[in-house]
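Engineer: After the structure tokens below, expect a handful of questions from me.
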Amino acid sequence: MGKIKILLVILLLCAVSVNAQNTPKLSYCKADTIPIKKDTSDFSLIVYTPVNCCFDLTATRPDTNNSDILFAVPAAFTAKNYKEIVGRFVGNDTIIENPTEKETGLCTINGKNIYIGSIDDSSMYYYNALQSENTCYFQQMLLINNGKKVECTIFGKQKPTFRRALAQKNGKACVVESLNRMNIGDFTDMMIECGYTEAIYMDMGTWSEGFFISQSGEKTVIGPLKQNTRYQTNWLLFVAEKD
């Protein structure tokens, strides 16, 4: 009788193991709020982390009914004519040649692999090499490089506003957003304080609308200012990972 019980336990464990292997991974966007105190003021950052997702870049407005798209926000700037992406851009068979003298950073995206670096003499290597691979690319303002702050001067004396960036810590990438209005320098300082070693800016201000899907499947629209949403030209995506 004892042997039968042991056999039944073994069979049950095997069944559980097979069932676990056949259960599809749940893909979603995790949102965490980080409170930060600066001087006598309280601020908060919200961090959007992909869970069982890959990154992607597109110049086509995301289909909000596509269950594979779990996060979407604008990435590169849109030009003043409201029609063109600022800087060189490669995403989903779209190649944009619109060189810019202002952008200081570049980002390449290949599945879960993100590279954030400065636009310098070697940057064309990344741009030319990726066009034959399944890799995306955009240009923006570099904020953090190798753990050090990169001064960003394009906003001049602009009043504090909401900020967003694609950032990396310990080799993992996420999107970081301010829940308070702040200048770009303070936003960068706060990310460094949180341990991020690489960061590149993402279009924000009145272009900030996006969305994410939580673990429960609930869709939340993000971005406090949406006046220019209809003119958005490009988006960074979290896409469900395929088995």
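The values are calculated or read from the model by the stated rules, or taken from the named source; none is laboratory data. Keep in mind that this is a model prediction, so the values were computed, not measured. Positions of Cβ are backbone-derived with ideal geometry, glycine not excepted, and every protein chain shown enters the neighbour counts. Side chains included, ligands, DNA and RNA excluded: accessible areas come from the protein's heavy atoms. Shrake-Rupley method; radii C 1.70, N 1.55, O 1.52, S 1.80 Å.
Engineer: So, in the stretch 172-203, exactly how many residues are among the polar types (S, T, N, Q) and under 22 Å from C29 (Cα atoms)?
Structural biologist: Counting residues in the stretch 172-203 that are among the polar types (S, T, N, Q) and under 22 Å from C29 (Cα atoms) gives 3.
Engineer: I've got another one for you. In this structure, does T197 turn out to be surrounded by fewer than 24 Cβ atoms within 10 Å (Cβ to Cβ) and in contact (Cβ under 8 Å) with a residue 40 or more places away in the chain?
Structural biologist: Taking the combined requirement at face value, the residue satisfies it.
Engineer: If you don't mind, another one. Has the stretch 201-218 got any residue that is open to solvent by less than 20 Å² (accessible area, probe 1.4 Å), among the hydrophobic types (A, V, I, L, M, F, W, C), closer than 18 Å to L142 by Cα and at pLDDT 95 or above?
Structural biologist: Looking for residues that are open to solvent by less than 20 Å² (accessible area, probe 1.4 Å), among the hydrophobic types (A, V, I, L, M, F, W, C), closer than 18 Å to L142 by Cα and at pLDDT 95 or above, one finds at least one in the stretch 201-218, hence yes.
Engineer: (1) more than 18 Å from T104 (Cα to Cα); (2) in a loop (DSSP other than H, G, I, E, B); (3) among the charged types (D, E, K, R): which one isn't true of D186, the others all being true?
Structural biologist: Of everything listed in (1) more than 18 Å from T104 (Cα to Cα); (2) in a loop (DSSP other than H, G, I, E, B); (3) among the charged types (D, E, K, R), D186 misses just condition (2).
Engineer: Given the criterion open to solvent by 100 Å² or more (accessible area, probe 1.4 Å) and either hydroxyl-bearing (S, T, Y) or at pLDDT 95 or above (or both), identify the matching residue among T49, T60, T40.
Structural biologist: T40
Engineer: Restricting to the stretch 130-171, give me the number of residues that are touching a strand residue (DSSP E or B) at 6+ places or on another chain (Cβ under 8 Å) and of a type in the set (D, E).
Structural biologist: Within the stretch 130-171, residues that are touching a strand residue (DSSP E or B) at 6+ places or on another chain (Cβ under 8 Å) and of a type in the set (D, E) number 1.
Engineer: May I pose another question? Return the residue satisfying two criteria in turn: it lies in the stretch 219-243 and is surrounded by fewer than 18 Cβ atoms within 10 Å (Cβ to Cβ) and among the polar types (S, T, N, Q), and of such residues it is farthest from the chain's Cα centre (by Cα).
Structural biologist: My answer is Q227.
Engineer: Please list, ordered by residue number, the strands (runs of 3 or more DSSP E) wholly in the stretch 26-93 having 1 or more residues that are in contact (Cβ under 8 Å) with a residue 60 or more places away in the chain and closer than 13 Å to C174 by Cβ.
Structural biologist: Fully inside the stretch 26-93 and qualifying: 28-38, 41-51, 53-58, 69-74.
Engineer: Then there is this: Hey, among the residues in the stretch 48-91 that are small (G, A, S) and closer than 24 Å to S216 by Cα, which one's nearest to the chain's Cα centre (by Cα)?
Structural biologist: A72
Engineer: If you take the residues of the stretch 189-200 that are over 12 Å from R163 (Cβ atoms) and either in a helix (DSSP H, G or I) or at pLDDT below 95 (or both), which of them is nearest to the chain's Cα centre (by Cα)?
Structural biologist: I192
Engineer: Also, I was wondering about something else. Pick out the one residue from I144, I109, I116, I85 that is at pLDDT 85 or above and in contact with a Gly (Cβ under 7 Å, 6 or more places away or on another chain).
Structural biologist: Selected residue: I116, the only one of I144, I109, I116, I85 that is at pLDDT 85 or above and in contact with a Gly (Cβ under 7 Å, 6 or more places away or on another chain).
Engineer: Got a number for residues in the stretch 101-120 being in a loop (DSSP other than H, G, I, E, B) and either crowded, with 16+ Cβ neighbours inside 10 Å or touching a Ser or Thr at 6+ places or on another chain (Cβ under 6 Å) (or both)?
Structural biologist: Here the count works out to 3.
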